[in-house]
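Taking it in order: structure first as structure tokens, then the write-up.
The values are calculated or read from the model by the stated rules, or taken from the named source; none is laboratory data. A quick note: this is a predicted structure, and the numbers were derived from the prediction, not measured. FYI the Cβ positions are ideal-geometry reconstructions off the backbone, even for glycines, and counts take in every protein chain you see. Quick note on the areas: whole protein, heavy atoms, side chains included, nothing else; ligands and nucleic acids left out. Shrake-Rupley method; radii C 1.70, N 1.55, O 1.52, S 1.80 Å.
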Amino acid sequence: MTENIQEKIDILSLSLKELEESILQLGEKRFRAKQIWQWLHVKKVRNFDEMSNLSAQFRCELSDVFCIKSLIVAKRLASNIDNTVKYLYKLPDGNHIETVLMEYNHGYSLCVSTQVGCKMGCRFCASTIAGYKRNLSASEILIQLYETERDSGKKVSSIVLMGIGEPLDNFENVTRFLDILSDKDGNNMSLRHISLSTCGIVPKIYELADKNYGLTLSVSLHATTDEKRSEIMPVNDKYNINELITACKYYLSKTGRRISFEYALIDGVNDTIEQAKLLSKLIRGMQSHVNIIPVNKIKEREFTSSRKSAIRFQNLLTGLGVNATVRRTLGSDIDAACGQLRREYEV
Ligand code: SAH
């Protein structure tokens, strides 16, 4: 089954225009592509046989040429405290990824993965420990949404690209995913409801800004001096804080969207008053917001923090005129830090 899938065209990764071209090549009329598109991205069927306004012969032909990728729920962890559900999904090639469904006042939000593993090597992050395996295709990012909506019966209204992987290290597939997700004739999600989180791949921040998607850029800053940041985030050796902040300012000027800075607070590493002062200096005058997250303990590392320390750091920042909040913890009873569930399953 798996080898068949690989030979066929991955239909959920195609744009409508590409699908039209493929359908014309099969000798069918262009409008058929739009019909198929709506089956895939509005009704979200998983099978060509369900496309009831197409002839049986055409449906058969379609399934010879294309495949509709799907995910298998390998594990589903539902919180007893709130409505958070963490999914471990098995991909068609046997790899695993994580997706998290969270309930907020304004609706449901989904945290999706963009790669199997990660190359970035952030010291506190579980996703990177076993290294990088491969990029996810656009369809594999998209079906995390479709499968989760189907499994949970909930309608997702916003998406955060904050699961396993570095989205800007998979730029082509991630932007393809965004284009498909927001297509007016398809799923039609406003890109203003999307946040993309990056560890700071500077040239790709410029490229993303030039696309002017209107999505929120979250930047994983986590430290305010190059020395400290390089200690915990190797990507800083390639693109330092100064270059990163300049790129953020460009993003802001191009899109008008305020930047969200992520700050995983780690006891004794980045929680001092000096760090708070440097942070306020770094982002002074910039339309931005700091999101403090007490570092999630992962079993391979000694890093710790607490909600109390996070509130203390928040007060320091607020006193310095910085717009800062402590991230609400959802699903704390099922909380395996991002990437940890996959690790436990695969090792
Ligand atoms: N690669 C992207 C997105 C995935 S990580 C990025 O680096 O932004 C999503 C967020 O979770 C990032 O801000 C990341 O730094 C943070 N994170 C990873 N491990 C964490 C941990 N153990 N505790 C708290 N935050 C963590």
Just order 136-142, 273-279, 33-39 by mean Cβ neighbour count inside 10 Å, highest at the front, would you?
136-142, 33-39, 273-279
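Could you work out the helix-only [θ] at 222 nm for the chain, with each DSSP H run of four or more residues adding -39,500 (n - 2.57) and the total divided by the number of residues, to the nearest 500 deg cm²/dmol?
Values: 13 runs with 129 residues, N = 347.
Roughly -11000 deg cm²/dmol at 222 nm, from the helical runs in the chain.
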Each residue of the range 115-128 in order: what ³J(HN,Hα) in whole Hz does its phi give by Karplus 6.51 cos²θ - 1.76 cosθ + 1.60, θ = phi - 60°, with x for Gly and Pro?
9, 8, x, 7, 8, 6, x, 4, 5, 9, 9, 6, 5, 9
Most positive-pole-ward Cα, Ile68, Phe58, Cys125, against dipole of the chain from beta carbon charges
Cys125
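Of all the accessible heavy-atom surface of the chain, with the other protein chains kept in place and a 1.4 Å probe, what percent is carbon and sulfur?
Numbers: 7350 of 15460 Å².
Carbon plus sulfur share of accessible area: 48 percent.
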Remind me, relative contact order of the chain in percent, using alpha carbon pairs under 8 angstrom and six or more residues apart?
15 percent
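If the only charges are +1 at each Lys and Arg Cβ and -1 at each Asp and Glu Cβ, what is the size of the charge dipole of the range 149-303 around the Cα centre, to the nearest 20 debye? Before the final figure, lay out each step's value.
Values: 21 positive and 21 negative charges, 125 e Å.
Dipole about the Cα centre, nearest 20: 600 debye.
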In debye to the nearest 20, how big a dipole does the range 42-118 give about its Cα centre with +1 on each Lys and Arg Cβ and -1 on each Asp and Glu Cβ?
120 debye
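Among Lys29/Lys119; Lys69/Lys297; Lys75/Lys254; Lys43/Lys254; Lys69/Lys154, which pairs are too far apart, with a Cα-Cα distance over 32 Å?
Numbers: Lys29/Lys119 44 Å; Lys69/Lys297 34 Å; Lys75/Lys254 41 Å; Lys43/Lys254 35 Å; Lys69/Lys154 21 Å.
Beyond 32 Å: Lys29/Lys119; Lys69/Lys297; Lys75/Lys254; Lys43/Lys254.
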For the chain, with only Lys/Arg (+1) and Asp/Glu (-1) charged at the beta-carbon, what is the dipole magnitude about the Cα centre, in debye rounded to 20?
980 debye
